[in-house]
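Report on one structure; see the data block that follows.
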Amino acid sequence: MKSILSSVVCVIVALSLFSCNKNNNEKVITLVMAEVNPPETLAGRVDQAFKEKVEELSGGKIKIDLQCSGILGDNGAIRKLMVQPDSYIDISRQSTAGLVSLGCKEYELLSIPFTFKNREHFWSFATSETARKLLDNPREKGLNIIGLYYGEEGFRHLFSTRKATSIKDFEGLTMRVTSDKTLQAIAKNLKMKEKKVDFSELYVALQTGEVDVADQPLANYLANHFEEVAPNIILDGHQLGIMETFITTEAWDSLSEKQQQIIREAGAYASEFCHKISQEEEDKVLEQIKAAGVSVVQVDNIVPWQKACADFIKETSAENMELYNEILSYAK
């Protein structure tokens with residue numbers, strides 16, 4: 001009897017050791033993740049949270065090779081590479097406007113001015129089935145990417161060389177615009193002149209009077225020292241800086257179901273991490289801006305601003321009105 005029990009125990013131990021060795025010998029997967037911002041920025045910190053959670057949940061079997069500060073190129077170059085076969089970049093964070101340029105017109109809805117009333121409106125949407133459908137949209141259109149999770153860098157606000165306390169104060173001023181239709185529409189509907197200026201040239205353009213008005217999230221405004229040449233901000237919150245992190249379909253399809261679940265779970269964690277720190281970070285930056293002597297004006301009634309852009313909002317949402325109304329419905 002003892003002999004039989006000993007044999008059974010030996011078999012169990014052998015099977016356990018075999019199982020452990022098999023798991024220990026499991027191939028380590030490395031996924032390259034590109035980020036244009038430095039690691040200390042909000043975007044960089046959210047990426048780092050994702051990386052750490054993936055590696056924790058996988059027991060180190062999935063490594064995220066996070067390359068920050070634009071080492072692997074700007075977002076435009078990264079986008080073009082990721083939608084092609086055999087991309088050496090597996091994961092990156094992209095903007096709404098960037099995805100529209102790839103033919104995903106539905107993403108225009110997220111950049112329509114004054115769509116999100118506040119952060120809680122956005123985060124209510126970001127955790128919804130509607131948001132999930134949008135993340136799946138690029139793959140459904142035949143692109144080589146699939147969405148993982150959302151984040152945000154705060155609302156964009158107008159800042160100017162002259163003090164402006166109401167919507168009427170912008171009439172006749174010159175606003176810096178890009179190829180972004182939303183930015184152009186804001187300038188037009190607030191009765192401003194438009195001037196295309198590269199971001200790298202914006203400081204000098206404000207300094208010389210080439211433009212009077214521009215827009216940025218508060219953190220970018222401070223980081224680029226725009227308070228030195230345009231010390232007036234009006235907190236209109238016309239657009240939310242939405243971050244969307246994607247993975248190539250080739251990388252995604254190479255993962256097992258369990259590994260895909262780890263990536264999804266880490267994405268949800270990173271998204272919640274962003275939700276937690278984004279308001280805290282913006283509050284800190286706002287206090288720094290005020291301490292620097294910048295005139296900060298709070299917009300208490302956004303209705304006149306919405307009415308000014310009403311035609312553009314209607315025109316841009318017309319093709320996907322049902323989806324746009326779904327997004328609006330998450331406001332509390």
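The values are calculated or read from the model by the stated rules, or taken from the named source; none is laboratory data. Source: prediction; values computed, not measured. Positions of Cβ are backbone-derived with ideal geometry, glycine not excepted, and every protein chain shown enters the neighbour counts. These accessible areas exclude ligands, DNA and RNA; they are computed on the full protein's heavy atoms, side chains included. Shrake-Rupley method; radii C 1.70, N 1.55, O 1.52, S 1.80 Å.
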Check: What number, in nm² with one decimal, is the all-direction average of the projected area of the convex hull of the alpha-carbon atoms of the chain?
Finding: 20.9 nm²
Notebook entry, point to check: DSSP H helices in the chain with Cα extent of 18 Å or more along the helix axis and mean Kyte-Doolittle hydropathy at least -1.0?
Noted result: 2-24, 42-57, 257-291
Checklist line | Stokes-Einstein D for region 19-125, Kirkwood Rh over Cα pairs, 37 °C, 0.692 mPa s (µm²/s) | finding: 205 µm²/s
Checklist line | Scaled radius of gyration (Cα, divided by 2.2 N^0.38 Å) that region 204-279 gives | finding: 1.70
Next item on the list: Over 20 Å between C-alpha atoms is what I'm after, so list which of Lys61/Lys258; Lys141/Lys196; Lys195/Lys290; Lys27/Lys258; Lys27/Lys63; Lys193/Lys290 land there.
Entry: Lys141/Lys196; Lys195/Lys290; Lys193/Lys290
Notebook entry, point to check: Reachable aspartates and glutamates from Lys191, Cα under 15 Å, same-chain residues fewer than 8 places away excluded?
Noted result: Asp169, Glu171, Asp212, Asp311
Note to self: Rounded, prolate or oblate for region 224-327? Axes are the square roots of the Cα gyration tensor eigenvalues, ordered a ≥ b ≥ c, and the cut-off for rounded is a/c under 1.5.
What the structure shows: oblate
Notebook entry, point to check: Summing -39500 (n - 2.57) over the DSSP H runs of n ≥ 4 in the chain and dividing by its residue number, what mean residue ellipticity at 222 nm do you reach, to the nearest 500 deg cm²/dmol?
Noted result: -14500 deg cm²/dmol
Checklist line | Accessible surface, region 100-162, averaged per residue in Å² (probe 1.4 Å) | finding: 34 Å²
Check: Which whole-number percent gives the relative contact order of region 43-146, counting Cα pairs below 8 Å spaced six or more residues apart?
Finding: 17 percent
Item checked: Net lengthening on full extension, Glu210/Glu129 (0.36 nm per residue, minus Cα-Cα) -> 24.7 nm
Item checked: Size of charge dipole - the chain - debye, nearest 20, with Cβ of Lys, Arg +1 and Asp, Glu -1, no other charges -> 380 debye
Note to self: Based on alpha-carbon centroids, what's the gap between region 54-125 and region 186-257 in Å, whole number please?
What the structure shows: 17 Å
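Ranked highest first by the average count of other Cβ atoms within 10 Å around their residues, in what order do 230-236, 127-133 fall?
230-236, 127-133
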Notebook entry, point to check: How do the peptides 147-157, 182-192 rank, highest first, by the average count of neighbouring beta carbon atoms within 10 Å per residue?
Noted result: 147-157, 182-192
Item checked: Relative frequency of Cα-Cα separations exceeding 18 Å in region 164-241, percent -> 37 percent
Check: Using a probe of 1.4 angstrom, how much of the accessible area of region 44-112 is carbon and sulfur, in percent?
Finding: 48 percent
